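One structure is given here, and the rest of the page talks about it.
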Amino acid sequence: MKINKLLYLTVFLFLGHLSYAQIEIDGNNQKQTLDCEGQKVEVGGSGHVIHLKGDCSKVEIMGTNNTVTVNGLTSAELAGEGNTLYYRKALSKNGKLPQTIAGNNNKIIKKD
């Protein structure tokens, strides 16, 4: 019985860890297409062109001159300079995207 409880606890902790997975992109001038699968995404560095397939949770873009395109997301945060986030849909209950924009010339643009 103790082994079963330990096994259940281990599986629970493992699955809980998976729900907090995230994608991290850093460096310079990367061009990537990635499956988001509900994950949080952090983009740092400069000159990236990132296409995120599927829906993401929060997308954070820092650094300079990064461009990120995503289908759907729950929230967005931009900092730095010259970053652009394109998205198709906000996954919030009211359909509006919770967003924070700091820095210079950062834009969040909804695409139809």
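Subtracting the Cα-Cα distance of residue 107 and residue 58 from 0.36 nm times their residue separation leaves 16.1 nm of extension gain.
Within straight-line reach of residue 40, meaning a Cα separation under 24 Å, sit the following lysines at least 8 residues removed in sequence or on another chain: 31, 53, 58, 89, 93, 96, 107, 110, 111. Here segment 22-110 is treated with +1 on each Lys and Arg Cβ and -1 on each Asp and Glu Cβ, and its dipole about the Cα centre works out to around 480 debye.
A simple spin-label model places pseudo-atoms 7 Å from Cα toward Cβ; at residue 24 and residue 100 they are separated by 1.9 nm. Each 10 Å bin, from zero up to the one with the longest distance, holds this percent of the alpha carbon pairs of segment 22-110: 20, 58, 21, 1.
Bear in mind these aren't lab numbers, they're just calculated from the coordinates by the rules spelled out. No experiment lies behind these values; they were computed from the predicted model shown. Note that each Cβ is placed from the backbone with ideal geometry, even for glycine, and that neighbours are counted across all protein chains shown.
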